[in-house]
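Below is one structure, written out as structure tokens; the observations come after it.
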Amino acid sequence: MNAPAHALAFLLFWCPALAQTAAPALTPLTGTVTTTEQTAPAANLAATHLKAALILPRTVLGEVTATLQLTNAGNTAATITASREGRQNCTFAPMLRVLQVGTRKVVYPAAQQSPRICTQDALHTTLSAGQHLSLTHTLTLPPGEYMVEGWFQGSVNTQRQKVDAEPVRLTVN
């Protein structure tokens with residue numbers, strides 16, 4: 001029980017006359033209430049219509065290439081910018097996380113691995129309405145069962161965005 005409720009219970013227990021007094025009457029407010037609607041700027045609308053799909057084979061032998069397909073499902077163009085990521089072998093996108101099925105152990109990126117120093121170039125492109133962009137990332141994994149998570153992380157119309165794709169199960173023989 002929080003302190004104000006405890007104090008009220010104490011007063012009502014020791015002063016029963018307080019519990020029997022009538023509450024003061026409330027007077028209704030009069031006047032008009034106005035509301036204003038806020039609309040997001042056009043730059044934000046394109047970002048919310050960006051969709052991602054992670055594409056990779058169900059079964060591979062050794063090396064796997066994951067493709068993240070970004071689709072602009074909005075009605076306006078979206079300007080996409082991404083820099084290289086030191087924990088992802090200096091790729092622009094997709095960002096990946098590989099988990100071992102049954103253990104949730106993160107296989108990639110390795111936790112003990114130090115980030116790389118990457119070049120400072122950037123991916124910069126504009127997707128018109130309905131247009132797709134495919135980004136690839138190649139990994140070598142030991143044999144096993146994995147869940148691969150993928151996402152795009154960067155700027156969409158000058159605002160930082162993270163666009164997630166559905167995870168995909170992968171078997172490496």
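With the requirement that a residue be more than 12 Å from Val64 (Cα to Cα) and part of a strand (DSSP E or B), what does segment 121-144 give you?
Filtering segment 121-144 down to residues more than 12 Å from Val64 (Cα to Cα) leaves 121-135, 144.
Correct list: Ala122, Leu123, His124, Thr125, Thr126, Leu127, His132, Leu133, Ser134, Leu135, Gly144.
Residues in segment 71-99 that are of a type in the set (A, V, I, L, M) and in a strand (DSSP E or B) were compared, and the one that is farthest from Gln131 (Cα to Cα) is Leu99.
Pro115 falls short on exactly one of the conditions (1) loosely packed, with under 14 Cβ neighbours inside 10 Å; (2) out of contact with any helix residue (DSSP H, G or I) (no Cβ under 7 Å at 6 or more places or on another chain); (3) touching a residue at least 24 places away in the same chain (Cβ under 8 Å), and that condition is (2). The residues of segment 123-132 that are out of contact with any Phe, Trp or Tyr (no Cβ under 7 Å at 6 or more places or on another chain) and surrounded by fewer than 19 Cβ atoms within 10 Å (Cβ to Cβ), listed by number, are His124, Thr125, Thr126, Ser128, Ala129, Gly130, Gln131, His132.
Testing Glu149 on (1) over 19 Å from Glu63 (Cα atoms); (2) among the acidic types (Asp, Glu); (3) assigned to a strand (DSSP E or B), one condition comes back false. Which one is that? Glu149 satisfies every listed condition except (1). Taking the criterion of being within 22 Å of Cys90 (Cα to Cα) and surrounded by 18 or more Cβ atoms within 10 Å (Cβ to Cβ), the residues of segment 162-171 that qualify are Val163, Ala165. Checking the stated criteria, Gly102 turns out not to satisfy the condition of being in a loop (DSSP other than H, G, I, E, B) and closer than 15 Å to Leu50 by Cβ.
Taken together, the values in this text are just the output of simple stated rules run on the coordinates, not laboratory data. This is a predicted model, so every value here is computed, not measured. FYI the Cβ positions are ideal-geometry reconstructions off the backbone, even for glycines, and counts take in every protein chain you see.
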